[in-house]
Structures are given as C-alpha cells and as structure tokens.
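In what follows, a single structure is set out as structure tokens and then discussed.
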Amino acid sequence: MGTGASMLAFAAPAQADTLQEALTKAYRNNPTLLAARANQRAIDEDVPINKAQGIPSIDATGSYTEVLKKSPNSFTAPDRILQIGPTLIVPVYAGGAIKNSVKAARERVDAGQADLRAIESAIFSQLVAAYMDVLRSEALVSLAANQVDVLTVNLQATSDRFEIGDLTRTDVAQSQSRLALAQGDLRNAQAALINARETYIQLVGEAPNELQPPPALPGLPADVDTAVDIALAGNPDLIADKQRAQAAGFDTEVAGSGRLPTVSLFAGADYTDYFGTLAGGAGGIAQDETTANAGVQISIPIFQGGLPAARQRQAQARETAALEQIIATERDVIAQVRAAWSSWQASLGVIESSQVAVEAASLSLEGVRAENSIGSRSILDVLNAEQELVGAQVELVTARRNAYVAGFSLLAAMGRAEARDLGFFGEGMLYDPVDNYERVRGKIWDWGRDPDPVADATRTVDVPAPTADVPEQGEIGLEPSY
C-alpha cells in the first residue's frame with residue numbers, strides 16, 4: 001500500500017491522462033462541486049446574519065411636509081416642516097435568542113463543511129468508476145475486435161476445408177454463427193465504450209485521452225471491523241448529521257426564548273426646521289429646534305396564546321428527528337462499509353480465479369486447435385474453446401474494474417476519499433471552506449459586497465462526441481496497478 005501523498009504519483013506516457021489528472025480536473029472544474037462550494041459560502045453568511053441581531057443599529061429618518069390646509073383652530077401651525085433625526089438601538093438582552101441562533105448557525109456551518117466533503121467524495125467516487133469503466137470498455141472492445149478477427153480467419157479456414165471436402169456445411173454454419181454473434185458483441189462493446197466516455201466527459205469536462213492504469217489505493221483497512229470504526233469517526237455524512245442535531249438543540253432554546261423579556265437601550269435626536277412659517281413668522285418663536293432623548297425599553301411577554309410553547313415543542317420534535325437521523329445515517333454508513341468491503345474482497349477473489357481461468361483457457365485453446373489440425377477435435381470444439389477464453393478474459397477485466405471501484409467506495413465510506421487524502425495537490429492549493437468562513441464571520445459593514453457571480457465550471461458543448469476507437473495498447477485495462 002502506498003501513502004496518501006504518493007497514491008497518484010506514477011509515470012505515464014506523454015499526452016496520456018492519468019487518474020490524478022482526471023481527479024484534479026474534476027476538483028477544479030466540476031459544476032456540482034463548484035456549486036456545493038458556493039452553497040457553503042451562502043451558509044457561512046448565516047453567522048453574521050444572526051450576529052447582526054445583537055449588534056447596535058443606527059437609523060436616520062428625514063421628512064419634509066408642505067401644509068396645504070391648516071386647521072382654523074391652530075394659530076401657530078407652520079406652513080412647511082423639515083425633520084431629520086438619527087436613532088440608535090442597542091440590544092441588551094433577548095432571552096438568549098440571539099446567542100443560541102448564532103451557535104446554531106455555527107453548527108450548520110460545520111455541518112455544511114462536512115456535506116461539502118461528502119459531495120467531493122461522491123464526485124471522486126463517480127469519476128473513479130467512470131475512469132475504470134472507460135478502461136474496462138476499451139479492453140472489452142479490444143477483446144471483441146480480436147475475437148471477430150479470429151473468427152473471421154476461422155470461417156475462412158473452415159470454408160476452404162469445406163471446399164476440399166475436409167469439413168461439412170454444418171461446420172461452416174457453426175463458424176458463421178459464432179462470427180455473427182461476435183460482431184454483435186463488438187457493436188455492444190463499442191456502444192458501452194462511448195457511453196463510458198460520455199460519463200467521463202460529464203464529470204471531468206474533457207474527453208479521456210489514452211487513460212493509464214490506476215495506481216494502488218492508499219490506506220485500505222486490514223479488516224472490516226477496522227473499516228467500520230474509521231467510518232464511524234470520519235464519515236462526512238455522519239459528522240454533518242451530528243452537527244445538525246447540535247444546531248437543532250440550539251433552535252429549541254431559541255424557540256423557548258419567546259417567553260422571556262427583552263431589553264434594549266435607545267437614543268435619538270431630531271432637528272426640525274419650520275422655514276420661518278411657525279406662528280406666521282412672529283418674533284420670539286424659534287423657527288428651528290433640536291431635541292434629544294435616551295432610555296431603556298423593556299418588553300415583558302405575559303400571554304401569547306401558547307405561541308412560544310408551540311414553537312418550542314415544534315423545535316423539540318425537529319431535534320428528535322435530527323437525533324434519529326444520526327442513527328439512520330450510522331446504520332447506512334455501516335452497511336456501506338460492510339458492502340464495499342465484501343465487494344472488494346469478492347472481486348479480489350474473482351481476479352485470482354479469473355487469472356487461473358485465463359491461463360487454463362489459453363492452454364486449452366492451443367491444445368484443441370492442435371487436436372483439430374489432426375482431426376481429433378471438431379470445429380465446434382475450437383469455437384467453444386475460443387469462447388471460453390474470451391469469457392474468462394472478460395471476467396478478469398470486469399473483476400479488476402470492480403475491485404478498484406469497490407476499494408475506492410470503501411475509502412469514501414470511511415471518509416478517506418477526498419482531495420486532502422489523495423495528496424495530489426500541494427499545500428495551499430486545496431479549497432478550504434474555513435477560509436471563507438473566517439473571512440465573513442466578523443464582517444459588519446453594510447456595503448460589503450463580493451464580485452459579481454460567474455460560473456467557473458468548464459462547458460462540454462465544444463468537446464467532440466466520443467468514438468469507439470481504442471488506444472494502440474491492446475492490453476490496456478487488463479493489467480492495472482493495484
């Protein structure tokens with residue numbers, strides 16, 4: 001097993017794509033992952049939004065009034081009035097609502113960061129499967145094309161021997177039938193290869209180019225119990241649900257705060273100008289004035305029709321649901337780990353048996369062909385031996401693909417299939433959601449604004465449609481590095 005830092009470091013031919021390159025491109029350009037990061041930045045803003053409720057606020061109001069008709073009983077009413085005044089409100093106590101809402105927001109930030117890890121791991125898992133599907137499909141196309149070539153030669157040889165009376169028309173028909181089936185298998189394999197390449201393009205944003213065999217997976221556990229223990233401590237979905245349950249607990253406290261008093265300080269000032277129209281401009285009356293005030297405002301709820309209790313019961317029910325969700329996710333994680341472990345182990349066993357089957361089928365085919373040349377074996381025996389060899393090769397290629405995908409899925413369930421675990425970026429090159437949270441958590445300036453939103457993901461509309469052509473390496477995909 002290699003270390004995380006060397007997991008994806010291996011030599012590859014020029015102009016060929018490696019798994020490291022594919023994962024790097026997806027990490028930087030996949031729209032699902034980029035959208036998840038943007039959504040997390042939106043969640044980060046809930047912290048300053050809730051903090052703002054406890055920060056002093058200043059408002060300024062102004063009005064200009066033109067009196068069109070005065071009351072006949074108002075002897076000092078002015079003709080026009082200008083009023084301007086600022087007001088300062090300082091929250092002092094809100095029953096714990098602000099404090100607990102900020103704590104809940106912080107917990108949801110942590111949950112969102114764990115969700116982002118899970119999305120990253122899911123994208124990588126999909127890409128690894130797509131990468132291996134391309135390799136497998138290329139190998140199957142090569143095998144199918146080779147089988148068509150072999151059966152074409154067999155049919156020609158059978159036809160020639162029929163012409164000289166050495167074989168019957170039945171032998172020729174059997175060869176024709178097997179060739180037609182092989183041609184159909186080739187077409188199906190080519191269609192599957194195109195589909196696999198399309199999936200790769202969808203995830204990476206570029207077409208695959210002579211994909212190289214994948215490197216060994218790092219950190220695979222020695223047994224399933226170890227894998228489960230690691231997953232219960234590090235699976236991002238489970239971590240996110242635990243954080244959301246903590247946030248739900250704070251929501252319950254916020255709901256209960258509606259029963260408690262609120263206290264705030266206030267201060268204000270007003271400037272009023274009558275433009276010399278107060279009391280008809282008579283002397284001795286000030287035509288403008290400035291006033292100021294300050295005080296304490298206390299609001300004590302006495303009866304609200306059961307609203308605070310209903311809100312708190314509702315929050316408690318949601319908190320209970322969040323706690324139950326932790327157990328549901330824990331069950332799901334355990335099932336994922338055990339299933340991935342089982343699939344991985346089974347695929348490794350299939351690889352061993354398939355290797356033996358390929359070797360045995362190869363020797364068998366050589367023997368049957370030799371025996372057929374001296375007349376002790378029929379053409380049907382040769383065709384069956386060729387089919388057995390192809391079947392064993394297909395099973396070997398498929399088992400290798402399944403083993404790698406299951407191994408990566410196991411790492412993903414354990415919480416160890418993210419960019420930080422794979423080690424293909426240098427320090428400081430990874431996207432760290434904490435950086436944005438630290439950037440915005442203490443901002444209080446009303447006019448702060450980020451640059452206008454733009455999409456950073458690469459489009460695939462200009463990527464040429466993939467073909468079913470396979471690389472010149474005829475054995476690619478048969479011998480991946482595990």
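The values are calculated or read from the model by the stated rules, or taken from the named source; none is laboratory data. Model, not experiment: these values are computed from the prediction. Because the Cβ atoms are built from the backbone with ideal geometry, glycine has one as well, and the counts that use them run over all protein chains shown. SASA here: full protein model, heavy atoms, side chains in, ligands and nucleic acids out. Shrake-Rupley method; radii C 1.70, N 1.55, O 1.52, S 1.80 Å.
At a glance:
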| read-out | value |
| --- | --- |
| Electrostatic dipole magnitude of the chain [Cβ: Lys, Arg +1; Asp, Glu -1; Cα centre; debye, to 20] | 2000 |
| Radius of gyration and Dmax over the Cα atoms of region 98-195, both given in Å | 27.9, 97 |
| Amide proton proximity set for Val67, modelled H, under 5 Å, gap of 5+ | Arg80, Ile81 |
| Global geometry of region 298-447, whether rounded, prolate or oblate, following the gyration tensor of its Cα atoms and the 1.5 cut on a/c | prolate |
| Debye, to nearest 20: dipole size of region 313-434, +1 on Lys, Arg Cβ, -1 on Asp, Glu Cβ | 360 |
| Average accessible surface area per residue within the chain, 1.4 Å rolling probe, Å² | 54 |
| Tensor-based shape of region 195-300 (alpha-carbon gyration tensor, a/c under 1.5 rounded, otherwise prolate or oblate) | oblate |
| Carbon plus sulfur fraction of accessible area for region 207-301, probe 1.4 Å, in percent | 55 |
| Lys pairs, the chain - Cα-Cα below 25 angstrom, 8 or more residues apart or on other chains | 8 |
| Other-chain or far-sequence residues with amide H under 5 Å of Leu167's (modelled H) | Phe162 |
| Nearest-ten-degree value, helix 307-373 long axis tilted from longest Cα axis of the chain | 20 |
| Globularity index of the chain, i.e. its alpha-carbon radius of gyration over 2.2 N^0.38 Å | 1.60 |
| Region 408-471 shape via C-alpha gyration tensor axes, a/c threshold 1.5 | oblate |
| Cβ-based net charge around Ala122, under 12 Å, with every Lys or Arg adding one and every Asp or Glu removing one | -3 |
| Size-normalised alpha-carbon gyration radius of region 45-114, reference 2.2 N^0.38 Å | 2.03 |
| Under Karplus coefficients 6.51, -1.76 and 1.60, residue-wise ³J(HN,Hα) of region 171-184 in Hz, glycine/proline x | 4, 5, 5, 4, 5, 5, 4, 5, 5, 5, 5, 5, 5, x |
| Size of region 359-457 as Cα extents on the principal axes (Å, biggest first) | 93, 28, 22 |
| Karplus-derived HN-Hα couplings along region 234-250 (A = 6.51, B = -1.76, C = 1.60, θ = phi - 60°), whole Hz, x at Gly and Pro | x, 5, x, 5, 5, 4, 4, 5, 5, 5, 5, 5, 4, 5, 5, x, 5 |
| Kirkwood Rh and Cα Rg combined as Rg/Rh, region 160-253 | 1.39 |
| Residue (of Ser159, Ala267, Leu238) at the positive-pole extreme of region 155-281, dipole from beta-carbon charges | Ser159 |
| Portion, in percent, of the accessible area of region 364-406 that falls on carbon or sulfur, probe 1.4 Å | 49 |
| HN-Hα J in Hz across region 67-78 - Karplus 6.51, -1.76, 1.60, θ = phi - 60°, x for Gly and Pro | 7, 8, 8, 8, 6, x, 9, 9, 8, 10, 4, x |
| Mean Cβ neighbour count within 10 Å, used as a protection proxy, ranking 380-390, 339-349, 294-304 highest first | 380-390, 339-349, 294-304 |
| Qualifying chymotrypsin sites (Phe, Trp or Tyr not before Pro) in region 38-119, DSSP loop, other Cβ atoms within 10 Å at most 14 | Phe75 |
